[in-house]
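FYI, it's all coordinate maths here, none of it is from the lab. Please read these numbers as outputs of a predicted model, since none were measured by experiment. Cβ coordinates were reconstructed from backbone atoms using ideal geometry, including for glycine residues, and neighbour counts include every protein chain displayed.
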Amino acid sequence: MPETPEELYERVKDSLRMPPVEHWETFPFEGELRPRELRPPVEREAPRQGEGGVDCRRCAASDDEYIWTTERWRLYPLQPSGLPVVVLLETREHYAEPGDLPDELAAELGVLQARIERAIRSIGEIGRVHVCRYGDGGEHLHWWFIARPTRLPQLIGSFVEIWDEILPPLPEEVWRANLDAVVAALGE
Ligand SMILES: [Zn+2]
């Protein structure tokens, strides 16, 4: 039997720990910190945007919002942020979970993850391209490709998503050139 959220909450709520973040080079903040109080479980999870494909913004988006499209996939660029490039790979059709994908699409996804990661690295001065899937915001299935700059050791690992909002946004022309490089590499 899995632990219920209520059991988990009762077990942990009075014994939250504070990890030694002051020793983590990648931790983006300084100063006195303590864990936020854990709130009790909710009755049910809030619906995600576009649940069941109803009023889904990704389904409604036209191809010109994307930098690259195929019959079954579309690549969406997020607006300029602190990192060189952040793009989302979406299925053209509405699927909710990776496990919902037909085998043919799941197999193609593996090939595309490699192609897109390689294309982003071709920009140059990229230390790593993180490939992630969360799916807690919008339901329409999407994968994150998050490029971090090279040779800035504080930006390694998962805190890079916080650093993305701490570093001021890329100049528009640098950002456009980065996207152009990705699209050019995908066309090869
Ligand atoms: Zn959708």
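When the residues of the stretch 38-82 are filtered to those that are away from the ligand (no atom under 15 Å from the Cβ) and in contact (Cβ under 8 Å) with a residue 60 or more places away in the chain, which remaining residue is nearest to residue 142 (Cα to Cα)?
Of everything passing the filter in the stretch 38-82, 75 is nearest to residue 142 (Cα to Cα).
Among the residues of the stretch 178-187, write down those that are surrounded by 13 or more Cβ atoms within 10 Å (Cβ to Cβ) and either under 15 Å from residue 114 (Cα atoms) or free of Cβ contacts under 8 Å to residues at least 40 places away in the same chain (or both).
If the condition is that a residue be surrounded by 13 or more Cβ atoms within 10 Å (Cβ to Cβ) and either under 15 Å from residue 114 (Cα atoms) or free of Cβ contacts under 8 Å to residues at least 40 places away in the same chain (or both), then 182, 183, 185, 186 are the ones that fit.
Mind checking which residues of the stretch 1-49 are outside any loop (DSSP other than H, G, I, E, B) and among the acidic types (Asp, Glu)?
Selection gives 6, 7, 10, 22.
Yes/no per residue for (1) over 30 Å from residue 170 (Cβ atoms); (2) among the β-branched types (Val, Ile, Thr):
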site	(1), (2)
9	yes, no
12	yes, yes
27	no, no
33	no, no
46	yes, no
53	yes, no
82	no, no
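Inside the stretch 127-162, can you point out the residues that are assigned to a loop (DSSP other than H, G, I, E, B), away from the ligand (no atom under 16 Å from the Cβ) and among the charged types (D, E, K, R)?
151
Mind listing whichever residues of the stretch 26-57 are under 29 Å from residue 166 (Cα atoms) and touching a Ser or Thr at 6+ places or on another chain (Cβ under 9 Å)?
Matches in the stretch 26-57: 26 only.
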